[in-house]
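*Asks:* Could you have a look at this structure, given as structure tokens, before my questions?
The values are calculated or read from the model by the stated rules, or taken from the named source; none is laboratory data. No experiment lies behind these values; they were computed from the predicted model shown. Every residue, glycine among them, receives a Cβ derived from its backbone with ideal geometry; neighbour counts consider all protein chains shown.
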């Protein structure tokens, strides 16, 4: 790993990464944090790779310009819940609760984000546990534990021992997206790969998985825009 600066206004920091598997130089602009990564084969000269990045400077800046500001889910703002924007309102409540189409939180602005996060994690556990039960029954396979994390590289996983892990941020996506990810990971209980046999299992327990899969590809980064710094 290394760092380099792409000249211009403003300058852009680039992370340099050499890869034994890379056959050519490539650029990636993260949709989560705007990090620019330049990957290159092990034996390629750094100057050659940087020349490629300079040729693609306009492309890099166009992608960076599309970055959406982070969203702070405090009182008076909104948060996504099951694909819907829900207003966050202060009220006489002891903990965050959904009522009359709004998420009510105690009138303590400095604690609002952490309370919204706690609410979302509880809702995610309930929805994901129910979905896993449903799809595991349809598949005819038992599973182990369900754990929630705030992962950036994947939305879910299935271990060889049958334990399932999910990003709790899925609760912010439309219901069918959370259901698809649950079905996807449950299908790994039968096929620990992404072969045609695996996708046949996904389709068997969750037909027409294409639209929610595409939604996640196109909009998943939005779920990471919410920052619950506490």
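*Asks:* Check off (1) in contact with a helix residue (DSSP H, G or I) (Cβ under 6 Å, 6 or more places away or on another chain); (2) in a strand (DSSP E or B); (3) farther than 22 Å from residue 165 by Cα for residue 80 and give me the number that stays unchecked.
*Replies:* The one condition residue 80 does not meet is (3).
*Asks:* Among the candidates 96, 137, 90, single out the residue that is farther than 25 Å from residue 219 by Cα, free of Cβ contacts under 8 Å to residues at least 24 places away in the same chain, surrounded by fewer than 16 Cβ atoms within 10 Å (Cβ to Cβ) and touching a helix residue (DSSP H, G or I) at 6+ places or on another chain (Cβ under 8 Å).
*Replies:* 90
*Asks:* Considering only the range 111-128, I want to know if a residue exists there that is more than 23 Å from residue 178 (Cβ to Cβ), without any contact (Cβ under 8 Å) to a residue 60 or more places away in the chain, part of a strand (DSSP E or B) and assigned by TED's automatic domain parsing to the domain that holds residue 219.
*Replies:* So far as the range 111-128 goes, no, none of its residues is more than 23 Å from residue 178 (Cβ to Cβ), without any contact (Cβ under 8 Å) to a residue 60 or more places away in the chain, part of a strand (DSSP E or B) and assigned by TED's automatic domain parsing to the domain that holds residue 219.
*Asks:* Also: Report yes if residue 102 is surrounded by fewer than 17 Cβ atoms within 10 Å (Cβ to Cβ) and either out of contact with any helix residue (DSSP H, G or I) (no Cβ under 7 Å at 6 or more places or on another chain) or under 22 Å from residue 168 (Cβ atoms) (or both), otherwise no.
*Replies:* yes
*Asks:* Can you report the number of residues in the range 43-71 which are assigned to a loop (DSSP other than H, G, I, E, B) and either modelled with pLDDT of 90 or more or under 22 Å from the mean Cα position of the chain (by Cα) (or both)?
*Replies:* Total meeting the criteria: 8.
*Asks:* Condition check: assigned to a loop (DSSP other than H, G, I, E, B) and surrounded by fewer than 20 Cβ atoms within 10 Å (Cβ to Cβ). Does residue 157 satisfy that?
*Replies:* Taking the combined requirement at face value, the residue does not satisfy it.
*Asks:* For residue 206, indicate whether it is surrounded by 12 or more Cβ atoms within 10 Å (Cβ to Cβ), in contact (Cβ under 8 Å) with a residue 60 or more places away in the chain and touching a helix residue (DSSP H, G or I) at 6+ places or on another chain (Cβ under 6 Å).
*Replies:* Against the criterion (surrounded by 12 or more Cβ atoms within 10 Å (Cβ to Cβ), in contact (Cβ under 8 Å) with a residue 60 or more places away in the chain and touching a helix residue (DSSP H, G or I) at 6+ places or on another chain (Cβ under 6 Å)), residue 206 qualifies.
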